[in-house]
1. Identify, from the list B:41, B:45, B:123, B:30, the residue that is in the same structural domain as residue B:266 (by TED's automatic domain parsing), surrounded by 23 or more Cβ atoms within 10 Å (Cβ to Cβ) and among the hydrophobic types (A, V, I, L, M, F, W, C).
2. Going by what's in this entry, would residue A:272 be described as crowded, with 16+ Cβ neighbours inside 10 Å and assigned by TED's automatic domain parsing to the domain that holds residue A:339?
3. What residue, among those in the stretch A:219-261 that are more than 11 Å from chain B (Cβ to nearest Cβ) and part of a loop (DSSP other than H, G, I, E, B), is nearest to residue A:349 (Cα to Cα)?
4. Given the conditions (1) within 30 Å of residue A:246 (Cβ to Cβ); (2) surrounded by fewer than 16 Cβ atoms within 10 Å (Cβ to Cβ); (3) within 14 Å of chain A (Cβ to nearest Cβ), report the number of the one that residue B:500 does not fulfil.
5. Picking from B:292, B:326, B:346, B:354, which residue would you name as being out of contact with any helix residue (DSSP H, G or I) (no Cβ under 6 Å at 6 or more places or on another chain), more than 14 Å from every other protein chain (Cβ to nearest Cβ), of a type in the set (Lys, Arg) and surrounded by 20 or more Cβ atoms within 10 Å (Cβ to Cβ)?
6. Is it fair to say residue B:105 is part of a loop (DSSP other than H, G, I, E, B), more than 29 Å from residue B:205 (Cβ to Cβ) and in contact with a strand residue (DSSP E or B) (Cβ under 8 Å, 6 or more places away or on another chain)?
7. Which condition breaks for residue A:19 when tested against (1) buried (at least 16 other Cβ atoms within 10 Å of the Cβ); (2) over 30 Å from residue B:601 (Cβ atoms); (3) away from chain B (no Cβ under 14 Å)?
8. Out of the strands (runs of 3 or more DSSP E) lying entirely within the stretch A:76-186, which hold 2 or more residues that are β-branched (Val, Ile, Thr) and under 19 Å from residue A:36 (Cα atoms)?
Amino acid sequence: MKDVLEQLDAKRQAARAGGGEKRVLAQHEKGKLSARERIEVLLDDGSFEEFDMFVEHQCSDFGMDEKKIPGDGVVTGSGTINGRLVYLFAKDFTVFGGSLSLAHAKKIMKVQDAALRNGAPILGLFDAGGARIQEGVDALGGYAEIFQRNVLASGVVPQISVIMGPCAGGDVYSPAMTDFIFMVKDTSYMYVTGPDVVKTVTNEVVTHEELGGASIHAKKSGVADGAFENDIEALVQMRRLVDFLPLNNREKVPARPSYDKPDRIEPSLDTLVPPNPNKPYDIKELIRKTADEGDFFEIAPDYATNIVTGFGRLEGQTVGFVANQPMSLAGVLDIDASKKGARFVRFCDAFSIPIVTFVDVPGFLPGTKQEYGGLIKHGAKLLFAYAEATVPKLTVITRKAYGGAYDVMASKHLRGDINYAWPTAEIAVMGAKGAAEIIHRADLGDEEKMAAHTKEYEDRFANPFVAASRGYLDDVIQPRSTRVRLIKALRTLKNKNLSNPWKKHDNLPL
Amino acid sequence: MFNKILIANRGEIAVRVIKTCKRLGIPTVAVYSEADAASLAVEMADEAVFIGPPAPGESYLNMDRILAACEETGADAVHPGFGFLSENAKFPEALAKKNIAWIGPNVYAIQSMGDKLESKKLAAKAGVSTVPGFKGEIEDDQQAVEVADDIGYPVMIKASAGGGGKGMRIARSASEVKDGFKAARNEAKSSFGDDRILIEKFVEKPRHIEIQVLGDKHGNVIHLNERECSIQRRNQKVIEEAPSPFLDKRTRDKMGEQAVALAKAVDYDSAGTVEFIVDPNKNFYFLEMNTRLQVEHPVTELTHDIDLVEQMIRVAAGKELELTQRDVRIKGHAVEARLYAEDPYRGFLPSIGRLERYVEPEQGPMGPGKLRIDSGVREGDEISLFYDPMIAKVIGYGDTREKAIDALADSLDRLHVEGLQANAPFLSAVLDETDFRKGNIHTGYIDEHFPDGFAGTVAREDQLRFMTAAAAFVHTTFVQRATQIAGRLTPAPNAGELHDWVVIMDGHRFAVEMRLPQGAIGEEVPAELWCPALSTGRMALATSWRPGDHLFEGELDGEKFALTFSDRTEGYRLRHRGFAATVLVCTPRTAELHARLPEKEAADTAKLITSPMPGLVMSVNVEVGQEVKAGEALVVVEAMKMENVLRAERDGTVKSIEASAGDSVAADELLIEFE
């Protein structure tokens, strides 16, 4: 028996060594941790239960039968984050560059299946060189089976991808189908085809960073939902994110004790909206002053900054915040903002996370660039997402709610549960000047008359009371009491019961 | 006395005047510009009158609007505060025509003291010590040497038409005078087209010490001793105190007597200030007289138990001074620090904007003394680019200078500002310096002690202990709370567990063990910690801090401290006095892994031109592909009504331009990239 135990021990040691000390050191020199080190930071101490550490590939072509390393380039298993179950896989760059073989793919499928069956989030840590070319179609098949499971798990359990090294080719599409992608600055990149191929095909010369670094995906492409300074910061923040999320779509949002007072009044919010309607202000201040302890986990903070999305808590329970940001492009809805907002709203709806929407939107962005880009269909995504959402929807209009954008931003007409406005709200088809110019086209030349017409329109609609008189708003509230009123409203929605007609699935305007 | 007082000012001083009026039962009227419609002064005053757009010229300096406001409200007296119209003689003249009382000195006093030459002549005539110098032009270098010998070295040779340091020379000997005279004359001629040269005494390491005077309309004038305002940055007072740590009774009395003599010479009948410079041998020389209330008046009020605004109101109403010089006694010590909206870490650039969070410590007992705060803002107010960026005056009072400084420093630790940068860390750093503590100060103090600007102070041992204990407490609290989440596989661990941490801060790594007993959070049940590197044995930390708080007040083994706290992605940001750090707390294993990651090289910002502050791009002077030389003007950004020219730091070629004229840019926003 002793021999067998020793043998087990030795085998475990060998598997844990991954690609060996030298490769692990090289990993450190690049500013990256090894797969196992990453897992240590991500999970609660001692909670990791590894699967398949002895798995080896079955490939015998190109001399691969001579090269076998237990684990085969990916570490998989389950563990806990603050005591709650999660599944994970971490690509091990030190073993075959983390490349994907059939055996490697099967390990990932196993944790994907377990996560789906047992209703727990799954996290993937990526740092790999794509398909193992020696395996040919087996590797491709492996990818597709992973993709299939990503799709089946979508909307059932949260799926989070963290890109912590190279992620290219077939590897990119699994993260692409998960709920969130995060990257590590300077050490990770992500693209479908790398700089070499790009150069061959298009003659374009680009670096890895320029083609798919964190700075590109977190700011320009919107592929990534955030970027962190280093591995440790990224993993610590993933623990923080998981704490906001329910384990699966049958569970309620997680609750935890809050040290913040539900009746906290914020007098300074009374002056958040500047007297000058053209002056911007930071809507995140409202989010920070509304959420418990000012704690806000922002999703995609550097992409489409004209809309703000992220998680916070009210009375210890997760809510999703969506807010137009007057500081950026006046908070206008454009293609990127619509897509970002829509995706976040759908995530919240899928996982029973109530949505709090702060509205200050001048409308959709005009122009050929937007129209050619398909603003109609992209804008419709946000409209669609809000309209189909059945989770509690709480809306506060702080200032402008103009035109179609008023409808879109969780209006009463889209089954908003509680719709409030600040006294500074203006709900109208458009700004007063534009409206007057259309209604009184005949007087266009006469400045004095136009000023009077503008004033007339302003007096009529530059306030929340017309909408309130129709019942489109449930109340006009003091800005300082926003947190209190939202908390009270949310309490009444604990048992909200609303469902959409049966359908195979909807046909979101993609 | 008066039926209604209008305050022709804004912000902190308007609030200050209203407070006294309220105490005296006199109704008040505030005037306000568009930018101040929701200000504290407007809220506190009994009535408020809108007087125009934000630009001071169209509102606070607009006499007609203010006179109209007086008539509209029936105010029968006006307090001008300081700045704006306070030293404009036309204003009291206009008021007099409408039979409205002016709470300030007579017009002659304002006019004569407002004129630099006239005031010096009057001072000399009244027997006030003025800077020795030759009253006239110097003909040639021979005469220059004679005059200099006469005055005594060192002397300052300067252009009569001069300004901005041009044509100025300091000479310490006859030969230096000869050379300096010629050079100054040439420079004066080429710079100003006027080669007239003056010579006067050069005062080395001068201190700025001023005498508060108070007169009535019955010929009585007293002085309320001195204030020292030597801590200045670019001629802007930063820290002021009373009494001066430098003066002896004899000098003080002499300065006081001369100040009173000057005040009497102009029939001074309000509160005013006679400013002197004082050399290291306690020789003092008249600088100028300010015919108004000074910003730093609170230090005099605290050390003399007097309300200067009340006194001004009384004498303006024709009452006789109740005090005689014999009643004036200095009691204790007061030190005032001016909290400015500026970024001390970036060359004190203005940092305007909304006060997203602004929490003042409570006035009253503070540390070994007490605290007074004069501020005109609340959380949510805007520090606007139109006015002085002072947020508040924080004043520490104590029996001794040491206690007053400690009370002030303790107050600054409890002052939380978010949304913009304030100079609190810098003020604290000055207060903690040995030379300042010893009173070894002069007007060049800041340049001498911070020649390369301010980058925070080096942590002291006690600061490391406070920060380590606080960060470990915060982290343990967060971690224990996180384990209370619903949906666990196993029950949450009990509170009271011993946690092992490594606290990484400012290049240090401290191993810490910490235990939070049941009920420790928010309840001041002391937590226990061990940190062999910082203290032998167990430490006890009592605090009422709870998640969401921005102020961490604690008592570590009986030592009280306060830190400002904010939770950021990169770690906990903590500040104590002039030392601020981002603190990472993690398990020993994570700390070990953290050490394996190489320090990231700071991004190569040499190739980037970023906006140093929020502002408006006025112009972009280069094009993509253009080659520029070091020092060439690239972009002009306007902020705080100041044009800031951003120049190339080295030669290079413009790769991209990210901003154009008319754009609003944030601090740190990329404007131009070089290849």
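1. Answer to the selection: B:123.
2. yes
3. A:249
4. Going through (1) within 30 Å of residue A:246 (Cβ to Cβ); (2) surrounded by fewer than 16 Cβ atoms within 10 Å (Cβ to Cβ); (3) within 14 Å of chain A (Cβ to nearest Cβ) one by one, residue B:500 breaks only (1).
5. Answer to the check: B:292.
6. In short, yes.
7. (2)
8. Once the strands (runs of 3 or more DSSP E) in the stretch A:76-186 are filtered for at least 2 residues that are β-branched (Val, Ile, Thr) and under 19 Å from residue A:36 (Cα atoms), what remains is A:159-163.
The values are calculated or read from the model by the stated rules, or taken from the named source; none is laboratory data. Predicted, not measured: the structure shown is a model, and the values here were computed from it. Because the Cβ atoms are built from the backbone with ideal geometry, glycine has one as well, and the counts that use them run over all protein chains shown.
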